[in-house]
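The values are calculated or read from the model by the stated rules, or taken from the named source; none is laboratory data. These numbers were taken from a predicted model, which means no experiment stands behind them. Because the Cβ atoms are built from the backbone with ideal geometry, glycine has one as well, and the counts that use them run over all protein chains shown. When the accessible area is computed, the model is the full protein with side chains, heavy atoms only, and any ligands, DNA or RNA have been set aside. Shrake-Rupley method; radii C 1.70, N 1.55, O 1.52, S 1.80 Å.
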Amino acid sequence: MHTRLSIGEMAKLRNVTVDTLRHYDKIGLLKPYQIDPGSGYRYYSISQYEVLGTIKELREIGFSLEEIKQFLTDRNVKKSVQILQKSLDNLEDKIRHLQHIHAILQTRIGNIEQFTNSYKDAEIVIKQFDVRNYIQLDKPVSWADKEKLYFGLLELENKVSGVLPVFASNKFGDFIKQEYFDEIRQSTDFSHHLSAYQSHIFLLVQEEESNQPTHTIEKGLYACTYYGGIVREKMLSQLKKLLHYCDEHGYVIIGDALRIMQIDVSLTDQSDEAYYEIQIPIQANTE
């Protein structure tokens, strides 16, 4: 004679919920040993205790309920080992995927810490950058048109693939054309620049694969500064300060400035915690 366990007793023995056992019954994964025809109560046999344990452990290693049902159907050692080997292969793929994510996040956190630490002692610093590749929008976008600006960023994001292509990254940016520098040096009112300037948005593609043509930012020295917040006047004010620094220290500006989102809204709701870095390519004056 089988010892009958109520659905509640069976659930308690294996630390699962009664609803879980009802669901397993409904999908035919683990049906009760007996159902009382009068009361409709479900009863389980103690021998089903091991089956429920197998189900729990297979769930732990990532089996779906359908895969578990197949595993428990017409079992033999050869079939079970084949299924377990397939599960092992899937786990190894997941491990490699997680290791890739781990490496990306380590790099992203390191970039944020490096950016923060680089300005501990000075507001303007000289940095060396290696060659960087980027894709960009076909047409510039007005700074005054925030909606088009955001759609532009989204368009670029959709052109790259890979794991975590832009989250917590320092990949979005735009160019500030060198032809504007003299006007900015002399300006005390930035409202004109804010309404008239066209932003050439780009996305650095160092890790991700892209089927778009890429452009190159040459390696070299850059005079850099930063500002927090999304107020454009701050950007132009810091750019003017950076231009004067280059003039005062005899650096020759050899290209357009870059403005990189070093810490963006994917990490904070506080606008003043969104940090941008301005980078101007320079070389020492040899005269």
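Quick notes on this structure:
- Residue that is open to solvent by less than 90 Å² (accessible area, probe 1.4 Å) and either more than 34 Å from the chain's Cα centre (by Cα) or basic (Lys, Arg) (or both), where the choices are Leu84, Leu21: Leu21
- Enumeration of residues in segment 42-63 that are over 30 Å from Ile95 (Cβ atoms) and exposed (fewer than 13 other Cβ atoms within 10 Å of the Cβ): Ser47
- Conditions (1) over 14 Å from the mean Cα position of the chain (by Cα); (2) modelled with pLDDT of 85 or more: number failed by Leu164: (1)
- Segment 64-81, subset exposed (fewer than 13 other Cβ atoms within 10 Å of the Cβ) and among the β-branched types (Val, Ile, Thr), residue farthest from Thr3 (Cα to Cα): Val81
- Look at segment 147-163: where a residue is surrounded by 13 or more Cβ atoms within 10 Å (Cβ to Cβ), no partner that is among the aromatic types (Phe, Trp, Tyr) and assigned to a helix (DSSP H, G or I) sits 6+ places away or on another chain with Cβ atoms under 7 Å.
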